[in-house]
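Derivation of every value follows stated rules applied to the coordinates shown; laboratory data play no part. Quick caveat, the model's predicted, so the values are computed rather than measured. Here Cβ is always computed from backbone atoms with ideal geometry, including for glycine, and neighbour counts include all displayed protein chains.
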Amino acid sequence: MEWKPKQELFLFLVATLLPLNFPSFYCQNDRLRPNCSRSFQCGGIGNIRYPFWGDGVQPEECGYSGFQLFNCKGAFPVLDIQPLRYHVLELNFSSRTLKVAREDLLKNACSEVLYNTTLNGLYDFAPDSNDENVTLFFGCVRVRKNGLKTNLPDQFACIDMFRTGNASSSGPGPNIKCKDSISVPVNETAARAMKNRTASSNVDVLRDAFAGGFLIQWLMPKVPVRKCYAYTCNRDAESQSTQGTTASSQVLRKNLESGPDNENIEKFLVQHGSLAPKRYKYSEIKKITKSFKDKLGRGGYGSVYQGVLPDGCPVAVKVLIDSDSNGEEFINEVASISRTSHVNIVNLLGFCYGGNKRALVYEFMPNKSLDKFINNNGDCQLDLEKLYKIAVGVAKGLEYLHTGCNTRIVHFDIKPQNILLDDDFCPKISDFGLAKLFKKKQSLLSVFGARGTIGYIAPEVFSRNFGGVSYKSDVYSYGMMVLEMAGAKKIVESGAAQSCENYFPDRIYEQVVLNVTTTLKDLMIEEEEETSRRMFLVGFWCVQTNPSDRPSMSKVVEMLEGSLQSIPIPPKPFLFTPSFPTSVQETSSMFYSTFGDGKFS
């Protein structure tokens, strides 16, 4: 970048005129910047603060994605943790816990769609609570020895019976068959009342149990929240403003307004405030990486280097080489990742944007990427149980991207290379690529050209003859990865894993899914057989050629964590072996889509 006299004059003026009380001018009376330091009230609960926010009571910029409270003018705040909504009964900031009750069971326990109580990576069940699970059984009959079926006497509307404790594994009882069941946590008092109930008190006991709620905890984002500068204005700072401050601020703002890219940066920082990741200078990036000394790898958009922040925190720095692309797209990517918070999504800690220099600073993953452990026949192999846990973690991360964000995100490049592993082998979805924002409500995405990596691209992404592109394209890529993790290459005895045709020979489907010729016993120990079969069944469901036949990621999580017997046999996928052009973009591209009902169709 060539320095010009105008730029030198600008830097001189800033250095000369800008006093030490910089926050005073930055936090001057700006009506566009809300005061995020104040607490707020929602429903009957007061003194609510970060990370929560709510329409009409606290702007989104003052909270965190996934912590929005609804119904603030009603009796109880409502929290949306897809696919369910919860009434917030109590909120404790010292222990970071909430007492919540399922809204669907409070309104109608006989809904046509039944859900287990599952939480995303922002929330977890409180570890110190004495809550117990109660299993509700639906559509139950007692089968007598003569074959006759009779209804159960203890009916509560559509709920035929319930049991406390781990009843889902042992079933409803001898000679009783039920069509469906769900698990719901209840507090200790409600559980005790249910155990001591009489038949006539079933209705009241269940109603009280649902209304009493249960404890969950929220997990604070790992990215530290910075103070004041974007939103919270100190009144004393306003009065300390000087003429030099005013002059320097005018010069600085004029320079920021001189180019569209700088305007995008300023707009992003104002909109995201304390939630915006830290902006680094390129000189700081060089210092963090020791002049790009330790190169970790190279991708489609640039190289990744290991670095260390001034506080000693290890990081991975991705330096982009596509410096001529639209600055707005880069800001969209930074904004999108910074608005996500999930244990299975990599954390963005900062970014660099100046001239043609662009970089992203991520948390460092010591175990690098998943492909190192599934494409290696040496000492780097992971046992199947560990791979299964990784598959579940990735599924939950994708479920969050598809349903848990304010704007739905489709990754488009799920593959082992983009699954990073921390020191405990907890998976983190990474490499989100350049984002695009879809402002209109839509269920299908409009993309130009094939996006992704050969071998993991969904058929509809490559050719629209297979259907429209949607979040189901991520499901397909995930399925291909799970099949690879489960050992598909062992079965076909092939070292090549870059083409789809290697995953779908007839003998894989027959051996693993139908058990026509052999079983998995020849390939692994007995304890691993059930886990591997579960992963294969889920994988084949995910790679169905017709996108509408693939499950949602919420259903994938349910199949992975449920019983093997509950997973139906998937149909054999239509063999899809396209002839890919060599120019397919081998990088991720993240897209947004907003849906009217908050769910994917």
First measure r as the distance between the Cβ atoms of Lys555 and Ala211, then evaluate 1/(1 + (r/R0)^6) with R0 = 41 Å and state the FRET efficiency to the nearest 0.05. 0.90
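Cross-link list Lys179/Lys472; Lys286/Lys368; Lys295/Lys318; Lys287/Lys318; Lys386/Lys415; Lys286/Lys372: which exceed 19 angstrom alpha carbon to alpha carbon?
On the way: Lys179/Lys472 28 Å; Lys286/Lys368 22 Å; Lys295/Lys318 10 Å; Lys287/Lys318 14 Å; Lys386/Lys415 17 Å; Lys286/Lys372 28 Å.
Exceeds cut-off: Lys179/Lys472; Lys286/Lys368; Lys286/Lys372.
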Could you calculate the FRET efficiency of Phe292 with Cys110 from 1/(1 + (r/R0)^6), where r is the beta carbon distance between them and R0 is 56 Å, rounded to 0.05? 0.35
Which ³J(HN,Hα) values, rounded to whole Hz and listed in residue order, are derived for segment 412-429 from phi using the Karplus coefficients 6.51, -1.76 and 1.60 in 6.51 cos²θ - 1.76 cosθ + 1.60 with θ = phi - 60°, glycine and proline given as x? 6, 8, 6, 7, x, 5, 9, 10, 8, 10, 7, 5, 9, 6, 6, x, 10, 6
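Using packing as a proxy for protection, rank 408-417, 309-318 so that the peptide with the highest average count of other Cβ atoms within 10 Å comes first. Present the calculation step by step, with values, prior to reporting the outcome.
Working: 408-417: 25.4, 309-318: 15.3.
So the order, starting with the most tightly packed, is 408-417, 309-318.
Between Ser95 and Arg192, what is 0.36 nm times their sequence separation minus the Cα-Cα distance? Round to one decimal in nm.
Working: separation 97, 0.36 × 97 = 34.92 nm, distance 2.47 nm.
Net length gain for the segment: 32.4 nm.
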